[in-house]
Amino acid sequence: MPVFNSSSAFRVVRISALLASVVFAGSLAAQSREELVAERLKPIGEVCLAGEACAAAGLAAPAAAGAGEFSVEATYTASCSMCHASGMAGAPRTDDAAAWAARLAEKGIEGLVANAINGVNAMPARGMCMTCSDENIAALVEYITTQAQ
């Protein structure tokens, strides 16, 4: 028959306290895990149809954001410079006067604008500016070709 002394009683209390804390921590971990899963599964947006209350509020912001004035420099930096500043994928560098002079002599500014609108070689149609109008693309081509001179 086992003999219990104060040392063994202390061990029993410690083990009981340890088990209780493990069970409590496990329930907290489970709760936070459930919260993490719920956070990952929550919708990233919502769809509003015309005529619904949420649609009126949602349509005003994009219209205001797109109403800004076109900036050649800002658009070049955002859409063109990745390839034309580095020569990525064979793109003529913006600062390469000889490359642009040869292209202008061969195709003219209209040909370069047509290439920019329709895409050429590794450059997709409209480059990386999907919101640019044909006039914006022409302004960007003019900007790029004059930077090297």
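Taking 30 Å as R0, compute the FRET efficiency from the Cβ-Cβ separation of Lys107 and Glu69 and round it to 0.05. Mind showing how you got there, number by number?
Values: r = 29 Å, r/R0 = 0.98.
Between Lys107 and Glu69 the formula returns 0.55.
Please compute the volume of the convex hull spanned by the alpha-carbon atoms of region 70-147 and report it per residue in Å³. If you can, show how the numbers build up before the last one.
Numbers: hull volume 6.0 nm³, N = 78.
Residue-normalised Cα hull volume stands at 77 Å³.
What does the charge count near Arg126 come to, summing +1 for each Lys or Arg and -1 for each Asp or Glu among other residues with Cβ under 13 Å from its Cβ? Don't skip to the end; give the middle numbers.
Values: positive: none; negative: Asp134, Glu135.
Neighbourhood net charge equals -2.
Multiplying the sequence separation of Ser81 and Val120 by 0.36 nm and subtracting their Cα-Cα distance, what value in nm do you get?
Details: separation 39, 0.36 × 39 = 14.04 nm, distance 1.64 nm.
Full extension of this stretch gives 12.4 nm more.
Please report the net charge: other residues with Cβ closer than 12 Å to the Cβ of Ala85, K and R +1, D and E -1. Intermediate values should be presented prior to the final figure.
Details: positive: Arg93; negative: Asp95, Asp96.
Value of the local net charge: -1.
What's the extension gain from Ala148 to Thr131 if we count 0.36 nm per residue and subtract their Cα-Cα distance? Numbers along the way, then the final one.
Values: separation 17, 0.36 × 17 = 6.12 nm, distance 2.54 nm.
Here the answer is 3.6 nm.
Bear in mind that the values in this text are calculations on the coordinates, not laboratory data. On a predicted model such as this, the values are computed, not experimentally measured, just so you know. Positions of Cβ are backbone-derived with ideal geometry, glycine not excepted, and every protein chain shown enters the neighbour counts.
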